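*Asks:* My structure is below; once you've seen it, I'll send some questions.
Coordinate-derived values only; no laboratory data. The shown structure was predicted, so the numbers you read here are calculated from the model rather than taken from an experiment. Note: ideal-geometry Cβ built from the backbone for every residue, glycine included; neighbour counts use all protein chains shown.
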Amino acid sequence: MGNNIEPIRKKILKINLLSLAIVLCSFCISLIVGSSTSSLKEIIEAVFFRKNENLFDIIIQIRLPRTLLAFFVGGGLSICGAVFQSLLINPLAEPYVLGISSGSAFGATLALALGFSFFTSQVFALAGALIVMALVFFVGKRYGELEPNALLLGGVMTGAFFSAMILIMMTSATDSFKNAIFWLMGNLSIARYDYLYYLVPIELLSLTFFILNSYKCNLIALGTINAKSLGVDSRKLKNYSYFFASLLTASIVSISGIIGFVGLIIPHMCRWLFGYDNRISFPSSFLLGGAFLMLCDAFSRAIISPAELPVGAVTASLGAPVFIYILRKRLKSSEF
């Protein structure tokens, strides 16, 4: 048995090291790109030797928290997508398909409609996401266990309902809704270290749970009966996985708004490149999802500088064609 495990460990290590190298390159690009692009050498001199105080302030106060937030938002959405696709055995499952984003968006829009501050709207966004999370969870349960089709349909219908409520509120739109619209398209420009203190512990806890249970998720893919015969409590695993993935998604959406396609595209690409073993696809999805969003955010800042595009629009523009390409390839090879 040890001989079988050792090659897997080496493969996991190699892929994670490759993914970390991509993350590091993306991190550097994200720090370099901005309204005033600086070279990596200038940034190093400013940060470590304080040769340029103005550039030091820009990097430490603006670009660094934004880059870190992009990494954790992208990584979180991506691993949540990988988990949902694995447990629901549905390649189209992703964090937003369960209606959590719509609940969060409704909460934020309601807060702005009532005249509350943008910070308060984030609290409402988190509350809305958690309410939808609980609602979809109870709708999707069958005989004490989450049923994939019921969960997906419950999420879609709940999301449609809250999206309709948002449109109704938009009919009486005022200037305060401009912030809501920009937030709904995905926005990282509000990045602060405070958000990282709130998001990172939730993300690390969720990530640890997913990776420790990645092999059990492999067994769930074989079917509930087969998984139980191999000693996996599928009910607990699905319930806890749904809780952690939904809580993480809710936390992300309450900060960054709706950034689509990351949780759909990156897990597909990881499985396409590295195989279907969740012990590999979970950590690689997290790392490459973070790298992908850092690059998308850098692009959103550079394309119409000094203005910027909502990063959600960039991920959708890049993600949709890639997904269609992957879908067509899989259909032709009968792998989908």
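*Asks:* Looking at this model, which pairs from LYS11/LYS41; LYS10/LYS238; LYS10/LYS216; LYS141/LYS216 are more than 22 angstrom apart at the alpha-carbon?
*Replies:* From LYS11/LYS41; LYS10/LYS238; LYS10/LYS216; LYS141/LYS216, over 22 Å: LYS11/LYS41; LYS10/LYS238.
*Asks:* Explain nothing, just compute: Karplus ³J(HN,Hα) = 6.51 cos²θ - 1.76 cosθ + 1.60, θ = phi - 60°, for every residue of the stretch 202-214 in order, whole Hz, x for Gly and Pro.
*Replies:* 5, 5, 5, 5, 5, 4, 4, 4, 5, 5, 5, 10, 5
*Asks:* At 25 °C and 0.890 mPa s, what whole-number value in µm²/s does Stokes-Einstein give for the translational diffusion of the stretch 56-144, with Rh from the Kirkwood sum over Cα pairs?
*Replies:* This corresponds to a translational diffusion coefficient of 162 µm²/s.
*Asks:* Using θ = phi - 60° and the Karplus form 6.51 cos²θ - 1.76 cosθ + 1.60, what ³J(HN,Hα) does each residue of the stretch 188-199 get, whole Hz, x for Gly and Pro?
*Replies:* Using θ = phi - 60°, the values come out as 10, 5, 8, 3, 9, 4, 4, 5, 5, 4, 7, 7 Hz.
*Asks:* While we're here: Using every Cα-Cα pair within the stretch 209-330, state what percent have a distance larger than 21 Å.
*Replies:* 50 percent
*Asks:* Need the C-alpha centroid separation for the stretch 24-90 versus the stretch 180-233, integer Å.
*Replies:* 21 Å
*Asks:* List the trypsin sites (Lys or Arg not before Pro) within the stretch 178-253 that fall in a DSSP loop (any state other than H, G, I, E or B) and whose Cβ has at most 16 other Cβ atoms within 10 Å.
*Replies:* Answer in residue order: ARG192.
*Asks:* For PHE116, list long-range residues whose amide hydrogen, built 1.01 Å from N in the peptide plane, is under 5 Å from its own amide hydrogen.
*Replies:* Amide H neighbours of PHE116, under 5 Å, 5+ apart: none.
*Asks:* In the stretch 232-301, what chymotrypsin sites (Phe, Trp or Tyr not before Pro) fall in a loop by DSSP, with at most 14 other Cβ atoms inside 10 Å?
*Replies:* TYR276
*Asks:* Once Lys and Arg get +1 and Asp and Glu get -1 on their Cβ, which of ALA227, MET185, ALA320 lies farthest toward the positive end of the dipole of the chain?
*Replies:* So the residue furthest toward the plus end is ALA227.
*Asks:* From the gyration tensor of the Cα coordinates in the stretch 1-153, what semi-axes in whole Å does the equivalent ellipsoid have, largest first, with each one equal to sqrt(5λ)?
*Replies:* 37, 29, 10
*Asks:* Report the gain in length on full extension from LEU153 to LEU13: 0.36 nm times residue separation, minus Cα-Cα distance, nm rounded to one decimal.
*Replies:* 46.6 nm
*Asks:* In addition: Let's see if you can work this out: charge +1 on each Lys and Arg Cβ, -1 on each Asp and Glu Cβ, no other charges. What is the dipole magnitude of the chain about its Cα centre, in debye to the nearest 20?
*Replies:* The dipole magnitude comes to about 900 debye.
*Asks:* Another question about this same structure. In 10 Å bins starting at 0, how do the alpha-carbon pair distances of the chain split up by percent?
*Replies:* The percentages, shortest bin first, are 6, 25, 33, 24, 10, 3, 0.
*Asks:* When the helix-only estimate is applied to the chain (DSSP H runs of n ≥ 4, each -39,500 (n - 2.57), divided by the residue count), what is the mean residue ellipticity at 222 nm, nearest 500 deg cm²/dmol?
*Replies:* -25500 deg cm²/dmol
*Asks:* In addition: Along the positive direction of the dipole of the stretch 1-87 (beta-carbon charges: Lys, Arg +1; Asp, Glu -1; about the Cα centre), which of CYS80, VAL33, ASN16 reaches farthest?
*Replies:* ASN16
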